[in-house]
Protein chains: 2
Amino acid sequence: MAAILDQDGITAAALELISKKGYDGLTMAALARSLGVAPSALYNHVSSKDEVLKLVEEDLMSKVDFGGFSTLPWEDAVRQWAYSYRGIFAKHTPLISVIAVLPVTDAPQTLAMYEAVTEGFLRAGFPEQQIIPSIVALEAYIFGAAFDANAPADIFDSGKLAESTPHFTSAVRSLGPQTDNYPSDLAFSMGLDALIAGLGALRA
Amino acid sequence: MAAILDQDGITAAALELISKKGYDGLTMAALARSLGVAPSALYNHVSSKDEVLKLVEEDLMSKVDFGGFSTLPWEDAVRQWAYSYRGIFAKHTPLISVIAVLPVTDAPQTLAMYEAVTEGFLRAGFPEQQIIPSIVALEAYIFGAAFDANAPADIFDSGKLAESTPHFTSAVRSLGPQTDNYPSDLAFSMGLDALIAGLGALRA
DNA sequence: GAGATAAATGAACGTCATTCATTTATTGGT
DNA sequence: ACCAATAAATGAATGACGTTCATTTATCTC
């Protein structure tokens with residue numbers, strides 16, 4: 001029969017479906033429908049829905065901007081990379097639990113990113129043994145921040161329990177109205193600066 | 001009829017089920033069975049499975065150790081809190097996507113934690129406006145690190161693509177065999193120190 | 001043109017969370 | 001002590017969903 005389907009097409013359709021309907025809308029049936037095909041046909045090209053998620057993840061990884069590591073000072077490269085990384089995965093938080101535990105072995109795009117980042121750290125003067133833990137720490141922060149980026153602006157509204165949490169409630173109020181893209185943008189920037197300063201001190 | 005069920009009992013049963021069978025094993029049917037009851041009976045006490053997850057989350061929050069904030073220097077209190085927080089949620093990563101976006105309004109245990117942490121920051125001399133963003137940044141890091149704690153030791157094995165990622169592969173090798181509880185313990189410690197140093201500099 | 005092969009189909013399955021009409025036990029009022 | 005009201009448990013049913021499989025269909029190769 002005509003080769004209507006392939007992994008690239010499935011990945012593209014999955015991404016479009018996710019952008020339109022979110023991860024709840026990403027079902028094998030909906031994916032098949034968007035490709036004009038029966039659900040069971042998908043299984044000739046992917047072994048499971050989990051594999052679809054892995055394909056999407058690899059595609060997203062290729063969109064993370066790590067270009068700064070070959071052109072900018074280390075601090076700026078890290079910042080650019082971290083913002084790009086968080087921005088992309090903030091819209092794909094359901095993938096984070098997959099990525100964080102997924103061996104990198106068969107993920108060429110992910111490996112390409114790690115290679116470029118590692119090179120940037122080496123060029124900046126990091127001792128080899130410090131590089132992977134530093135990247136892991138930064139990634140942990142980026143993934144956590146990606147979740148926060150989806151939080152509602154009033155997530156810290158203490159409601160009727162405000163009286164029993166006076167210091168917290170006052171600290172929340174002191175922030176005033178949020179104006180950034182993400183309510184947590186200020187926090188992201190502060191934590192990222194702290195990490196960059198702290199990890200940067202490990203350079204030779 | 002006899003009041004066999006209540007929210008506390010459901011929460012306790014859910015926690016035991018999770019510890020024995022993991023989050024895949026936490027189904028409404030299994031939960032009901034462990035309570036000796038029909039699945040539909042649960043819906044007299046919780047409105048949905050999501051509410052069960054929220055109950056579990058609140059219970060876990062009450063187990064996070066934030067005691068150091070009233071007894072230890074700020075740096076040590078943050079470290080103790082962060083390790084406790086990560087240790088608990090490393091076994092409950094499916095909750096993280098819920099927590100990170102869940103308004104704190106009806107979560108007394110969570111609010112109690114925030115109040116204590118805020119007080120600790122105030123006592124340490126932080127300006128009020130810096131406190132919430134600092135906590136948010138720390139939490140983001142803790143949540144991300146909780147995911148990493150579940151990663152397999154060989155997650156960075158580049159496999160047959162090793163030749164095309166020489167710097168990364170070498171950096172991974174330079175780490176030697178892992179001996180910590182979690183393979184990512186070294187990374188967690190390094191990033192946490194960096195955050196503590198960087199955020200600590202915001203004190204008056 | 002025949003046979004092998006890759007790919008699509010549609011029906012079926014098992015697992016879930018959830019709903020609902022019904023039954024059952026307990027509680028409060030007289 | 002009885003009766004009505006209410007809270008709570010039941011079991012059958014529903015509708016998604018991911019996945020499997022025997023069968024059919026189109027394309028490629030010799």
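The values are calculated or read from the model by the stated rules, or taken from the named source; none is laboratory data. It should be emphasised that the depicted structure is a prediction, and the values quoted were computed from it without experimental measurement. Cβ: placed from backbone, ideal geometry, glycine included. Neighbour counts: every protein chain shown. Accessible surface areas use protein heavy atoms only, side chains included; no ligands, DNA or RNA. Shrake-Rupley method; radii C 1.70, N 1.55, O 1.52, S 1.80 Å.
What residue among B:Phe126, B:Phe147, B:Phe156 has the largest mean-square fluctuation in a Gaussian network model of chain B, using Cα springs under 10 Å? Between B:Phe126, B:Phe147, B:Phe156, it is B:Phe156 that shows the largest mean-square fluctuation.
Given the Cα atoms of the protein assembly as shown, and with Rh set as the inverse mean 1/r over their pairs in the Kirkwood sense, what is Rg to Rh to two decimals? Radius of gyration over Kirkwood radius for the protein assembly as shown works out to 0.98. Extending 7 Å from Cα along the Cβ direction at B:Lys20 and again at A:Ala12 yields two label points whose distance is 5.0 nm.
Pairs spanning more than 28 Å between alpha-carbon atoms, out of A:Lys20/B:Lys20; B:Lys20/B:Lys63; A:Lys63/B:Lys21; A:Lys91/B:Lys91; B:Lys91/B:Lys160: A:Lys20/B:Lys20; A:Lys63/B:Lys21; B:Lys91/B:Lys160. Among residues of chain B, the one whose Cβ lies closest to the rotation axis carrying chain B onto chain A, together with that distance rounded to whole Å, is B:Gly144, 2. Where is the GNM fluctuation largest for chain A (alpha-carbon springs, 10 angstrom cutoff): A:Pro152, A:Pro133, A:Pro166? Result for chain A, Cα springs under 10 Å: A:Pro166 fluctuates most.
Panel note: contact residues of the range B:178-200 (accessible area lowered by at least 40 Å² against the chain on its own; 1.4 Å probe) correspond to B:Ala187, B:Met190, B:Ala194, B:Leu195. The local environment of B:Ile142, defined by Cβ-Cβ distances under 11 Å, has a net charge of -1 under the rule Lys, Arg +1 and Asp, Glu -1. Relative to the other identical copies, B:Ala201 shows label-point distances of 0.8 nm, where the label point lies 7 Å from Cα along the Cβ direction and values run shortest first. Note on the range B:68-141: Rg/Rh from Cα positions, Kirkwood definition for Rh, rounded to two decimals, is 0.96. Between copies, B:Lys91 shows label-point distances of 3.8 nm, shortest first, with the point placed 7 angstrom from Cα along Cα to C-beta.
On the basis of the beta-carbon distance and an R0 of 25 Å, B:Arg203 and B:Asp65 show a calculated FRET efficiency of 0.65. The distance separating the Cα centre of the range B:60-90 from that of the range A:1-33 comes to 43 Å. Computed over the range B:1-156, relative contact order equals 21 percent, with contacts defined as Cα pairs under 8 Å that lie 6+ residues apart.
For A:Ser164, the point set 7 Å out from Cα toward Cβ sits 5.7 nm from its twins in the other copies, listed from shortest up.
Determine the share of the protein assembly as shown's accessible area contributed by carbon and sulfur atoms, expressed in whole percent, with a 1.4 angstrom probe. Working shown, then result.
Values: 9580 of 18050 Å².
So the carbon and sulfur contribution to the accessible surface is 53 percent.
Applying a DSSP loop filter and a limit of 11 other Cβ atoms within 10 Å to the GluC sites (Glu not before Pro) in the range A:1-108 leaves nothing.
For the range A:69-144, relative contact order (Cα pairs under 8 Å, six or more residues apart, normalised by length) works out to 43 percent. Between B:Phe69, B:Phe143, B:Phe168, the residue with the greatest mean-square fluctuation in the GNM of chain B (Cα pairs under 10 Å linked by springs) is B:Phe168. Tell me, rounded to the nearest percent, the portion of alpha carbon pairs in chain A spaced more than 31 Å apart. So the portion of pairs separated by more than 31 Å is 34 percent.
Averaged per residue, the protein assembly as shown has 44 square angstrom of accessible surface, using a 1.4 angstrom probe with ligands and nucleic acids left out. Across all Cα pairs in the range A:7-46, the calculated P(r) in 10 Å bins from zero up to the longest distance comes to 34, 59, 6 percent per bin. On C-alpha positions alone, give me the angle between the axis of helix A:128-148 and the longest principal axis of chain A, in degrees, nearest 10. Compared with the principal axis, the helix lies near 80 degrees.
Summed over both chains, the accessible area lost when B and A associate is about 5100 Å², using a 1.4 Å probe.
Cα convex hull, the range A:121-204: 119 Å³ per residue, rounded to a whole number. To the nearest 10, the accessible area of A:Ser34 is 70 Å² with a 1.4 Å probe.
In the range B:145-172, comparing the full protein assembly with the chain on its own, the residues that lose 40 Å² or more of accessible surface at a 1.4 Å probe are B:Phe147, B:Asp148, B:Ile155, B:Phe156, B:Leu161, B:Thr165, B:His167, B:Phe168, B:Ala171.
Backbone geometry of the range A:183-199 corresponds, through the Karplus equation with coefficients 6.51, -1.76 and 1.60 at θ = phi - 60°, to 3J(HN,Hα) couplings of x, 9, 4, 4, 4, 4, 4, 5, x, 5, 4, 4, 5, 4, 5, x, 6 Hz, x marking Gly and Pro. Count the net charge of all other residues whose Cβ sits under 12 Å from the Cβ of B:Leu72, scoring Lys and Arg as +1 and Asp and Glu as -1. Net charge in that neighbourhood comes out at -1.
Backbone geometry of the range B:107-118 corresponds, through the Karplus equation with coefficients 6.51, -1.76 and 1.60 at θ = phi - 60°, to 3J(HN,Hα) couplings of 10, x, 5, 5, 4, 4, 5, 4, 4, 5, 5, 4 Hz, x marking Gly and Pro.
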